[in-house]
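Heads up: the structure comes next, in structure tokens.
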Amino acid sequence: MAVFPDPRSLKVACISVLVGWISIAICFGTLVAGYITQNDDQLRSLVFCSIVVLILAALVYLAFAIYLKCPVCARRFLIQTYEPKSPKARTKWKMDFWAFVVIDVLLRRSFICKYCGEKFILNKTSEDPAQIA
């Protein structure tokens, strides 16, 4: 088990994915509500705002996903590829491996690299002590 060297960037990337997922849910929920109630005027702005938030969250995620690499194998673990995965890589509910890394970071404050199988933790001791105080 190792400490991930850039936990803040990883947390921002994972939070942006969560914001994107929530934006998609809001957009689809609003579209369904608009179809059921036939009230397009009030819901149109909510759909537009959720799409804008989705695009912004996707851009933030993409920037960090390209930047962040596993310190052990130097692969981008937040981008899904067809390369072979480690037997230690975690996934459930038929989610892609990168999505489960996001879930692990947000809920467990740790993750397992899907390529090399190394476990990383994100904790406050890995941050600069001068910034904490």
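The values are calculated or read from the model by the stated rules, or taken from the named source; none is laboratory data. Note that the structure is a prediction, hence the values are computed from the model and not measured. Ideal geometry is used to build each Cβ from the backbone, glycine not excepted, and the neighbour counts take in all protein chains shown. Remember, those area values only see protein heavy atoms, side chains included, never the ligands or the DNA or RNA. Shrake-Rupley method; radii C 1.70, N 1.55, O 1.52, S 1.80 Å.
The value of relative contact order for the chain, using C-alpha pairs under 8 Å at least six residues apart, is 31 percent. Surface analysis of the stretch 22-87 yields an accessible area of 71 Å² per residue, using protein heavy atoms and a 1.4 Å probe.
Charge tally around TYR67: other residues with Cβ under 15 Å, Lys/Arg +1 each, Asp/Glu -1 each, net +4. Percent of Cα pairs in the stretch 18-69 per distance bin of 5 Å, from zero to the largest separation: 4, 22, 24, 18, 12, 8, 6, 4, 2, 0. Please report, as a whole percent, how much of the solvent-accessible surface of the stretch 36-100 comes from carbon and sulfur atoms (probe radius 1.4 Å). In the stretch 36-100, the share of accessible area belonging to carbon and sulfur is 65 percent. Under a model in which nothing but the beta-carbon of Lys, Arg (+1) and Asp, Glu (-1) is charged, the chain shows a dipole of about 580 debye around its Cα centre.
The charge dipole of the stretch 54-129, taken about the Cα centre with unit charges on the Cβ atoms of Lys, Arg (+1) and Asp, Glu (-1), comes to about 300 debye, rounded to the nearest 20. Shown here: P(r) over Cα pairs in 10 Å bins from 0, in percent, derived from the displayed model; of the candidates [x] 11, 30, 23, 15, 11, 7, 3, 0; [y] 12, 36, 27, 16, 8, 1; [z] 12, 32, 32, 18, 6, 0, it corresponds to [y].
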